[in-house]
Amino acid sequence: MTYALTGTGIWDVALRYGDRAEAKEAAAELEELGFSAVWIPDAGGEDLFGAFDALLGASQGLTVASGILNLWMQDP
């Protein structure tokens with residue numbers, strides 16, 4: 001199975017490092033506005049996968065991705 005990213009995505013640091021409840025509301029609103037993906041940064045040190053989980057849980061089919069994963073700062 002292959003997946004193709006289509007549509008329009010948005011990158012926003014606040015979705016990663018801002019208030020988690022506000023980020024979830026923003027993700028749901030972005031999906032309602034027609035965005036198909038959100039990209040969040042990983043400068044490392046904080047719970048990247050927790051941020052993924054929150055954003056995915058706030059949407060129905062939004063693609064959530066990190067442009068770069070800092071391998072030295074995340075557990076495998």
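Take every Cα pair under 8 Å in the chain that's 6+ residues apart, average their separations, divide by the length, and report that relative contact order as a whole percent. Before the final figure, lay out each step's value.
Details: 102 pairs, mean separation 25.2, N = 76.
Relative contact order of the chain: 33 percent.
Residue by residue, region 17-27 carries 3J(HN,Hα) couplings of 10, x, 4, 4, 5, 5, 5, 5, 4, 5, 4 Hz when phi is fed to the Karplus relation 6.51 cos²θ - 1.76 cosθ + 1.60 (θ = phi - 60°); x denotes Gly or Pro.
Is it possible to state the helix-based mean residue ellipticity at 222 nm for the chain, with each DSSP H run of 4+ residues giving -39500 (n - 2.57), the sum divided by total residues, to the nearest 500 deg cm²/dmol? What is it? Before the final figure, lay out each step's value.
Values: 3 runs with 27 residues, N = 76.
-10000 deg cm²/dmol, from helical runs alone.
For Trp11, the residues whose amide H sits under 5 Å from its own are Trp39, ignoring neighbours fewer than 5 places away on the same chain, with H placed 1.01 Å from N.
Taking every protein chain into account, the accessible area of region 1-60 amounts to 66 square angstrom per residue (probe 1.4 Å).
The values are calculated or read from the model by the stated rules, or taken from the named source; none is laboratory data. Note that the structure is a prediction, hence the values are computed from the model and not measured. Surface accessibility is based on the protein's heavy atoms, side chains included, excluding ligands, DNA and RNA. Shrake-Rupley method; radii C 1.70, N 1.55, O 1.52, S 1.80 Å.
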